[in-house]
Every structure is written in structure tokens, then in C-alpha cells.
Amino acid sequence: MTTTDQLLFALKLFTALGCGLVAGVFFAFSTFVMNALARLQPREGIAAMQSINITAINPLFMIALFGTALACLFLVITYLSKLHQPGTVYLLLGSLLYLVGTILVTIAFNVPLNDALAIAKPDSTEGVNLWAIYLTNWTLWNHVRTIAAFGAAVLLTIALCDQT
């Protein structure tokens, strides 16, 4: 195995693990965090989610989320012309699934909902109404992100196993 092959293997492994890590974070929100927040009084749930959204923007999570996206993009560019190689179709499908189903969904749906919640006043009627819509819509799109990131991790893992 050449040095280039070793580096590409390491990148594929990093990407598969990154997709899995991000899927796990989103899975936690889909399965219990949002349910726990929904059980709180709206003003408390809004305040808690506002705090979560602020603290989520940190170097470790951003590297996991967007570093994985950059790795996926690099893999797509690198392997698009290598469709004949074993595992390439899985690699491309996994990378594209992560880019579209996780990153694009985050940017198009979850972030705008977070931005709207960020300026909501927790004690206002508008805030309470927004919170009800937010819980439903944000969680729905989070389910999509969870499934996409997990599916990408599975496809990228198959690509790693299908290299021979």
C-alpha cells in the first residue's frame, strides 16, 4: 500500500467515524433531548434550547460537523473519476448523503429555526407559539439529519470494507 493509499484510507476512516459521531449527537437530540425540553414550561424550554444553540457552536462540534463535510467533499472530488475502483459507489453515495442530508438540511432548515428561536422572548405569547412550532419542525429535520448521517456512516464503512 502506497503512502497515498494509506492517507486516503485514513481519510475514509475519519469520514466514516465523523459521520457516525455526528449521527450519534443528532440521535441523542431526536430520542431524548428534545422530548425532555418539550416537558418543560415553554419559557424554560426556550431558554434551555437557546443556551444549547449557543454552546453547540464550539470548535470540537464544528470540526466534527463541518470537518466531516469537507472530508466528504474531498472524497467526492477525488473518487468521482474512479468509479471502476471497488467501494467507490458506496463512498460517493455516503459522502453525498452526508453533504445533502446532514449539512444542507442543517443549513436550510435547522439553522433558520435556531435563528428564529434565538431572538424569541421566552415569556411572550409569540415565543410560546414559536416554541410549539420549533419543537415539531426542528425535531423532524433533526430526524432527517440523524438518518442521513447514520446512513452515510454505513455506506462509508461498506466502502472501506469493499476495497479489495
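The values are calculated or read from the model by the stated rules, or taken from the named source; none is laboratory data. Here the structure is a predicted model, which is why all the values come from computation and not from measurement. All Cβ positions, even for glycine, are placed from backbone atoms using ideal geometry, and neighbour counts span all protein chains on display.
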Residue check, residue 20 under 18 Å from residue 139 (Cα atoms), small (Gly, Ala, Ser) and either out of contact with any Asp or Glu (no Cβ under 9 Å at 6 or more places or on another chain) or part of a loop (DSSP other than H, G, I, E, B) (or both): no
Condition check for residue 42: modelled with pLDDT of 95 or more and either within 14 Å of residue 152 (Cα to Cα) or in contact with a helix residue (DSSP H, G or I) (Cβ under 8 Å, 6 or more places away or on another chain) (or both): yes
So residue 62, is it surrounded by fewer than 17 Cβ atoms within 10 Å (Cβ to Cβ), not aromatic (Phe, Trp, Tyr) and not in a helix (DSSP H, G or I): no
Residue match in the range 71-87 (condition: at pLDDT 95 or above, in a helix (DSSP H, G or I) and within 13 Å of the chain's Cα centre (by Cα)): yes
Qualifying position, being hydrophobic (A, V, I, L, M, F, W, C), surrounded by 12 or more Cβ atoms within 10 Å (Cβ to Cβ), touching a residue at least 12 places away in the same chain (Cβ under 8 Å) and not in a helix (DSSP H, G or I), among 120, 148, 116, 152: 120
Neighbours by Cβ (under 9 Å, 6+ apart or cross-chain): first from the range 125-140, charged (D, E, K, R); second at pLDDT 95 or above: 126/120
Those residues of the range 26-35 which are out of contact with any helix residue (DSSP H, G or I) (no Cβ under 7 Å at 6 or more places or on another chain) and more than 18 Å from residue 113 (Cα to Cα), in sequence order: 28, 31, 32
Candidates 34, 49, filtered to the one that is surrounded by 13 or more Cβ atoms within 10 Å (Cβ to Cβ) and either under 18 Å from residue 149 (Cβ atoms) or within 14 Å of the chain's Cα centre (by Cα) (or both): 34
Test for residue 101: is it at pLDDT 95 or above and crowded, with 19+ Cβ neighbours inside 10 Å: yes
